[in-house]
């Protein structure tokens, strides 16, 4: 009977560490792209969080000193690890905001903002929905679950376990990430903005040369067809640039 005590203690210690890791992983998974989408069932997201916890626990155990199990430590872990996980997940979520914003800019520039605009869970234009769904599919095809696990392991060096994130560092990192997010969005949508400028300049020249011609009736089908054709050609490049930006961030976060 006494020989079982070390085994019971080891199992209890492993379960305690797994609980601390789970708090951060579950919070991050609930808001991160692909794994935390609203279209995915809550039960599936819970299973994903549990599987990631099982994979991460043996790796991250050596990165922090495991305190003795107690109610006080549990509440501290509940606060600190949940905040850290939500921050990490929301930082990754900004990349989805970038691709959605790029789709919205492209749609507004080419008069496609009202085409099937309410077809998804989020009120996005059709171009934004197409790019967002394609980005999610691309993420999962390229092994985002493995990249997310590596990112969460690395996060313990940036945000130590059982410690509240520094508000100043969080604010600085968050504002910098949002700025880069909008810069990336405009970069992705820049070809559509250029196309819109050329289209409007052309209509202005035609209207100046032929005032009697109703250029709006002639130009509307042209810009619609041109934007859809341009999206067909440019979407692979846009998604490639977006994925490279995300992979670069996952490799060297907050640098």
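General observations
- Residue pairs meeting the criteria (Cβ under 6 Å; at least 6 apart or on separate chains; first closer than 16 Å to residue 131 by Cα, in the stretch 188-204; second assigned to a helix (DSSP H, G or I)): 188/102; 188/238; 189/102; 189/105; 189/106; 191/234; 192/106; 192/109
- Criterion applied to 155, 196 was being in a helix (DSSP H, G or I), touching a helix residue (DSSP H, G or I) at 6+ places or on another chain (Cβ under 6 Å) and over 16 Å from residue 90 (Cα atoms), and the one residue passing it is 196.
- Members of the stretch 51-82 found to be part of a helix (DSSP H, G or I), without any contact (Cβ under 8 Å) to a residue 40 or more places away in the chain and surrounded by fewer than 16 Cβ atoms within 10 Å (Cβ to Cβ), listed by number: 51, 54, 58, 62, 71, 72, 75
- Any pair with Cβ under 7 angstrom, 6 or more apart, that starts in the stretch 173-185 at a residue that is farther than 15 Å from residue 102 by Cβ and ends at one that is exposed (fewer than 15 other Cβ atoms within 10 Å of the Cβ) and modelled with pLDDT under 90: 173/254
- Pairing each residue of the stretch 231-244 that is within 12 Å of residue 192 (Cα to Cα) with any residue that is modelled with pLDDT of 90 or more and in a helix (DSSP H, G or I), provided the two are 6+ apart or on different chains, yields C-beta distances under 6 Å for 238/188.
The values are calculated or read from the model by the stated rules, or taken from the named source; none is laboratory data. The model shown is predicted, which means the values in this text are computed figures rather than measured ones. In this analysis, Cβ positions are derived from the backbone assuming ideal geometry, glycine residues included, and neighbour counts consider all displayed protein chains.
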